[in-house]
1. On the given criteria, is Glu84 on the phi > 0 side of the Ramachandran plot and more than 12 Å from the chain's Cα centre (by Cα)?
2. Please go through the range 95-135 and pick out each residue that is hydroxyl-bearing (Ser, Thr, Tyr) and either touching an Asp or Glu at 6+ places or on another chain (Cβ under 8 Å) or surrounded by fewer than 16 Cβ atoms within 10 Å (Cβ to Cβ) (or both).
3. Without any contact (Cβ under 8 Å) to a residue 60 or more places away in the chain and either of a type in the set (S, T, N, Q) or in contact with a Lys or Arg (Cβ under 7 Å, 6 or more places away or on another chain) (or both), is that true of Gln43?
4. Show the residue pairs that are 6+ apart or on different chains and have beta-carbon atoms under 7 Å apart, the first residue being within the range 90-112 and within 18 Å of Leu17 (Cβ to Cβ) and free of Cβ contacts under 8 Å to residues at least 60 places away in the same chain, the second being of a type outside the set (S, T, N, Q) and not in a helix (DSSP H, G or I).
5. Looking only at the range 108-134, count every residue that is part of a helix (DSSP H, G or I) and either more than 16 Å from Val60 (Cα to Cα) or in contact with a helix residue (DSSP H, G or I) (Cβ under 7 Å, 6 or more places away or on another chain) (or both) and tell me the total.
6. Could you tell me which residue of the range 51-73 is surrounded by the fewest Cβ atoms within 10 Å (Cβ to Cβ), considering only residues that are hydrophobic (A, V, I, L, M, F, W, C) and modelled with pLDDT of 95 or more?
7. Among the residues of the range 41-50, is any more than 16 Å from the chain's Cα centre (by Cα), modelled with pLDDT of 95 or more, surrounded by 18 or more Cβ atoms within 10 Å (Cβ to Cβ) and over 24 Å from Phe143 (Cβ atoms)?
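The values are calculated or read from the model by the stated rules, or taken from the named source; none is laboratory data. Note that the structure is predicted; figures quoted are calculated from it, not measured. Don't worry about glycine lacking a Cβ; one is built from the backbone with ideal geometry, like all the others, and counts go over all protein chains shown.
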Amino acid sequence: MTWDRKIPFEQLSRKLLDDMNLLIAEWYRKVRKKNLSKQIIYQTIAIIQLFNGLRAGEAVEAFKEWIKTNQEEVEVRVEKRKDEAKRIAIIPETIRFNRNIIERALDLGFGDLDAINKNAYKKWFLTNYRINTHTLRKAWESFMARKLGKDLALITAWQGRKTVESHLAYLRREEAKEEIKKVLRNFFT
């Protein structure tokens, strides 16, 4: 399975936010809410992940930290770094606005924060959206590259990557793959 499905950030954000609104509306209508409550929590984590370019585990940690502190900006440990580096995650306005229902959904769906884990979230996301959670991170990177004029140093720093070079190597591989595929497609047509 490829990580980057090249789905535009705008399309993903619209879909995740629309789905969140539908889940909340349905939550108010339902009597039995446990499963729906879990979906609201996972949807919240997906929105946090997309809007910050986080890895799945970082998004889960950001959600938990936000629930504990109620801060608009939370600090999370950068996954895949052994030096305990931290990065900031900003909780989107729509999530902060719906805090009351999210807290109620957390209580009904999970009971406590420790019951929420990265692997269950990733499985839920793959089942519901048919894409890997890493696609959210890649969509954010592409969006920010366009908005920031391809300033890779800013994107690298925000995501807590150790070096611009490792990030650039990944991006160049992806670009090379796309360019070679174009050449081959044209060659055989």
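1. In short, yes.
2. Going residue by residue through the range 95-135, those that are hydroxyl-bearing (Ser, Thr, Tyr) are 121, 127, 129, 133, 135.
Within the range 95-135, Thr127, Thr135 meet the criteria.
3. On the way: without any contact (Cβ under 8 Å) to a residue 60 or more places away in the chain: yes; either of a type in the set (S, T, N, Q) or in contact with a Lys or Arg (Cβ under 7 Å, 6 or more places away or on another chain) (or both): yes.
The answer is yes for Gln43.
4. So the pair list comes out as Ile90/Glu72; Ile90/Glu73; Ile91/Glu72; Ile91/Val74; Arg96/Glu72.
5. Looking only at the range 108-134, we keep the residues that are part of a helix (DSSP H, G or I), and these are 108-109, 113-115, 118-129, 134.
Filter again for either more than 16 Å from Val60 (Cα to Cα) or in contact with a helix residue (DSSP H, G or I) (Cβ under 7 Å, 6 or more places away or on another chain) (or both), leaving 108-109, 113, 118, 121-122, 124-125, 127-129.
Qualifying residue count, the range 108-134: 11.
6. For the range 51-73, the residue satisfying everything is Ile67.
7. No, every residue in the range 41-50 fails to be more than 16 Å from the chain's Cα centre (by Cα), modelled with pLDDT of 95 or more, surrounded by 18 or more Cβ atoms within 10 Å (Cβ to Cβ) and over 24 Å from Phe143 (Cβ atoms).
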